[in-house]
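Okay, structure first, notes after.
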Amino acid sequence: MGVARWLRRNRSGEQAGERVDEQTEALLSTPRPQGFQETASRLHAFNRYEIKYFVDEMKVPELRRELAARMDTDPHSPHGGYPVTSLYYDTPDLRFYWEKIEGLKFRRKLRMRLYGDPAECTEDTPVQIEIKQRVNRVTQKRRTAMPYGRARSWLDERKEIDCDDSQRPFVDEVTTLVGNLDLRPTVTTGYLREAFVGRDADLGLRVTIDHKVHGRDRDFHFGSGAQNRFTIPPRLAIVELKANERVPYWATDLTARMNMSVVRISKYCQSIEAFGLAPRSILGAPELIVPPDVDDRVPDDVFDTYPTHTV
């Protein structure tokens, strides 16, 4: 589907709940991921609305209880959440970053995403190569999975890769983006994610809670063991409400009762600014201002030491 046609179909967000085209559906199902990777892949087969909030970690147990009363825990997610690590690609002058800061109605970014402990990542570990696009208020994600070593050869070394015919249009699109825009690894983000999925009338609803958001601007191999820094103060978690068409009233009422304000935040932009690759945005939330004497280094066992939660 051409970009112009896609834009027309999504201009007013009227098609927000529609599945992406058949070509993209094929990409999302080949090769078949397992466990919580499977859940993530399925859910990203939609155009969606996304609303983000900050919540103090001290309030997370209350939020978790409220969500559990109306939603199910992601059935493929390990108890207590699962690690997510993303490597973002951008131009030398940070085109994708500035498109986000300037609020362009049509924008996109390219990332490589790992589900699972990065310390265990090998050349054979499956990763997702993903283009995330936003048109007005609607988000679309398209992705394909492959072994980590193959993905690095493709994106970092710019070597051609063989793929199934169903994947070829997406692979060609990414290859063109990387070559024409001179995309290169820029920053990583990582966090521990808890996920809840809607039931009954709320089947299209997904709520995630992301803890201990961190990243780095060098040593980009997922398994390098390089030092990370918190890009969001660890006392704050990011809550995302994701819906195909609308967010249920009970969910917005819950965020209001817990004094959770909507925030405009991008984990990618936070990493860019945290490492001084661009000035901090004047639109940034005041909660993110960290005193200079605070140690923001992330412990090597950040995922191991996170407590297991109960509801």
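Restricting segment 71-118 to residues that are small (Gly, Ala, Ser) and farther than 17 Å from Val207 by Cα leaves a set whose member that is surrounded by the most Cβ atoms within 10 Å (Cβ to Cβ) is Ser86. Of the residues Leu277, Leu241, the single one that is crowded, with 16+ Cβ neighbours inside 10 Å and either modelled with pLDDT of 90 or more or in contact with a Leu (Cβ under 6 Å, 6 or more places away or on another chain) (or both) is Leu241. Of all residues in segment 100-133, those that are part of a loop (DSSP other than H, G, I, E, B) and either under 30 Å from Gly198 (Cα atoms) or not charged (D, E, K, R) (or both) total 8. For segment 45-99, filtered to residues that are under 19 Å from the mean Cα position of the chain (by Cα) and part of a helix (DSSP H, G or I), the residue that is farthest from Trp250 (Cα to Cα) is Arg95.
Can you pull out every residue in segment 147-169 that is of a type in the set (A, V, I, L, M) and closer than 21 Å to Thr186 by Cα?
The answer is Ala151, Leu155.
Of everything in segment 134-157 that's at pLDDT below 95 and assigned to a loop (DSSP other than H, G, I, E, B), which residue is nearest to Gly179 (Cα to Cα)? Among residues in segment 134-157 that are at pLDDT below 95 and assigned to a loop (DSSP other than H, G, I, E, B), the one nearest to Gly179 (Cα to Cα) is Asn136. Listed by first and then second residue, the pairs linking a residue in segment 236-257 that is closer than 18 Å to Ala195 by Cβ to a residue that is among the charged types (D, E, K, R) and not in a strand (DSSP E or B), with Cβ atoms under 6 Å apart and 6 or more places separating them unless they lie on different chains, are Ala237/Glu57; Pro248/Asp202; Leu254/Glu66.
The values are calculated or read from the model by the stated rules, or taken from the named source; none is laboratory data. A quick note: this is a predicted structure, and the numbers were derived from the prediction, not measured. Ideal geometry is used to build each Cβ from the backbone, glycine not excepted, and the neighbour counts take in all protein chains shown.
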